[in-house]
1. Give me T440, T296 sorted ascending by neighbouring Cβ count inside 10 Å, so fewest comes first.
2. With just the Cα atoms defining each centre, how far is the range 68-127 from the range 233-264? Give it in Å.
3. Please compute the net charge surrounding V269, taking Lys and Arg as +1 and Asp and Glu as -1 over other residues with Cβ under 10 Å from its Cβ.
4. Can you find, among G244, V270, V142, the residue sitting farthest towards the positive end of the charge dipole of the range 63-294, where Lys and Arg contribute +1 and Asp and Glu -1 at Cβ?
5. Calculate the dipole size of the range 299-379 relative to its Cα centre from +1 charges on Lys and Arg beta carbons and -1 charges on Asp and Glu beta carbons; express the result in debye to the nearest 20.
6. Given H placed 1.01 Å from N in the peptide plane, which residues other than close sequence neighbours of G160 have an amide H under 5 Å from its amide H?
7. Return the equivalent ellipsoid semi-axes of the range 63-294 as a descending list in whole Å, where each equals the square root of 5 times an eigenvalue of the C-alpha gyration tensor.
8. Run through every distinct alpha carbon pair of the range 299-379 and return the Kirkwood hydrodynamic radius in angstroms, one decimal place.
Amino acid sequence: MAAIVAVVAVSGAVVWAVWRSPQRIDLATFGAFAAAVIVPAVSLVVYLTRVRQAGDTGRGRPLDEVADSLAGMVTEQWTRAALERRLLQPEPIPVHWQRSSRPLAGPVSAAVESRRFPPLPGLSPALRRQLRGGRLQDLHAVYGGLGSGRLVIIGEPGSGKTGTAVLLVLAALEHRQQVSSQDRQLVPVPVMFTLHGWDPSTQRVGDWLAARLQETYPLFAGRGGKAEAAELVKAGRVAAFLDGLDEIAEDLRPVALRALSQQAVVRVVVLARSFEMAVAARQGFLEGAAALELLTVDAAAAADYLTRVQLDPPPRGWSELTGRLRREPGSPIAKALSSPLTLTLVRDTYRSGDDIRELLDFCDAVGDVSGEDIQDQLLDRVLPAAYTPPPGEPPPPYGLDEARRALGCIAARMGQEGTRDLSWWRLPAWASATPRVIVTGAVFGVIFALGGRNPVFGLVAGAVFAYFYLTGDRGKLPARIAPLRRRHLLSRDALVVGLVYALTGGVLCAAFGLAIRLGVGQVVALATGVGIGAGLAGALTAGLSRSAADDASPLTPRVSWRRDQGFGLAVGLLLGLGLSLGVGLGIGFAYAFGLGSTQKPGQVQGLVLVFVWLLGFGLVFGLLFPRTWTTSLTFAQLAMRWHTPVRLLRFLDDARERDVLRTVGPIYQFRHARLQDRLAQQAPPNERP
């Protein structure tokens, strides 16, 4: 309501200024201009009041439909992730679990005897004996039948916690798809997020979950999408799989567990490293949870797995490796290969022939080799295996040394921030904003100088505009563009946003024109043009946001980058077209009411140049859309500082294709947290955390 009062106040001030202006021709002209300013403002007040009274909190879609759409997106997201991690083919590594003997949660009776959540349709209540231990395939019955609806899964680094969670999410989605349509609404949609970035002391669990849903899935774009995400959480229609408790600040971990205990109204699965969870649980634990611990892979199971992923019969070196694992289950190499991390590294970095002999020779040569030494040896092979082409194949677009330096610097910077997530729209925080403001200010300064009579004033105005242009969108998520639908462009949200933009832009430009003593005709033309242009751009922005909510295609880093670029270009072009149309209408309005001077020779050519300039401004505005433009300039800054590729996003996507990185929605992660830490250690000394 304060914004409405402000618009009306500024509108009244402009009308009063026109009334007192010496350029006012007559009372009829003044009345026409006053009506043009006040009537839309009053309409806006009435309309927004009705919207406020109606409580426009969503799109009116049934919650079942929203949940089913979310389930489809989550299925596609984590199926792709499981394929990237090679969790489905070949078959998963045989990981077992048991109820943890560590003091991490309350008594097991609090978990199995709770009636907070009934068993999921088709499942029986989880019993005490089911929590003693089992295989990965048995976890879903525990998750869906546990009365408290709360699980804690711990393990040592590299024990396969995230892989276990991915497989459990897919099992829960498959079960949801198999139940009848009547029972499907009783099965929550599992969603998995990392806890990095959550401050439980300032943000409630439900608000944080709703914000993460909106950030990750296009289904929840816009104001209505945010309301739908909050409603799903409130109704318990999602289940939260929360990874990386050890990635938030140590003093916040017990606070997070207490907040989940007191505030979570959905099923919760928390994953963390054993030691960090044990330390946090001393000050606050997840009440009612069953604590399960992932076990190491025994030597015989590891040998069987490595046999299944090789040729039959296997090369001699592989036979020697598997034979040694079976004969010497207590050897250093058997202990090192007792985790899913090291098993997948052996599988992926020693791919052909007898190259595995290098690992055996390393173990024999060192003598008193430790499991950590073997892990480091395997981690050091990841980049050479990824960036060394097999004989006869073309070289990769990026060399091994270039990749090692770039990935090392990136890993070190992520380590400084204490995160495992790499979001391209947050990279501008890695470099100074001053060079970006200077470059952007120069571009807009040239544009403004070309459109005005005073080049110095244009450059100064461009610098000021660039500063607010770049800082106004700082930290916001990438925009999403989808095929625009007429019902979205003409929706209530789009019309309200467009009206607000039109009034605000028009009123402010009218006030600016009067302040610099422009004629009334010029003020009308300027205010009308900017108002129409800003209104069209605002309506398109809201309409595109609503269209993106119907887009069920997956969101990857490259897709989010392209959609943000497309969104900016669409808004910029429409802004230029709207400004051109508006200025033309404003000039026509001014002449119709006698506010303009008689036409002079060359005035038509001048108007054509104005329209061309406005279209050019809109195009530049769209091409220099804050997130992708700012990030592109940051890529250049990082290239000068770290000698990384200028097209850094292309490099990151190439690293993903080479299985060095993986994606979780629009976010990159290193293939293994241990790999990120190892590369950070090998970064240039001045970049190490």
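1. Working: T440 22, T296 18.
Ascending Cβ contact count within 10 Å gives the list T296, T440.
2. Result: 16 Å between the Cα centres.
3. My count for the surroundings of V269 gives +1.
4. Farthest towards the positive end: V142.
5. Details: 9 positive and 14 negative charges, 77 e Å.
With Lys and Arg at +1 and Asp and Glu at -1, about 360 debye.
6. Those qualifying (amide H under 5 Å, at least 5 residues apart or on another chain) are L341.
7. 24, 21, 18
8. Final number for the Kirkwood radius of the range 299-379 is 12.4 Å.
Values quoted throughout were computed directly from the atomic coordinates according to the rules given, and no laboratory measurement underlies them. Computed from a prediction, not measured in an experiment: that's the story for all the values here. Positions of Cβ are backbone-derived with ideal geometry, glycine not excepted, and every protein chain shown enters the neighbour counts.
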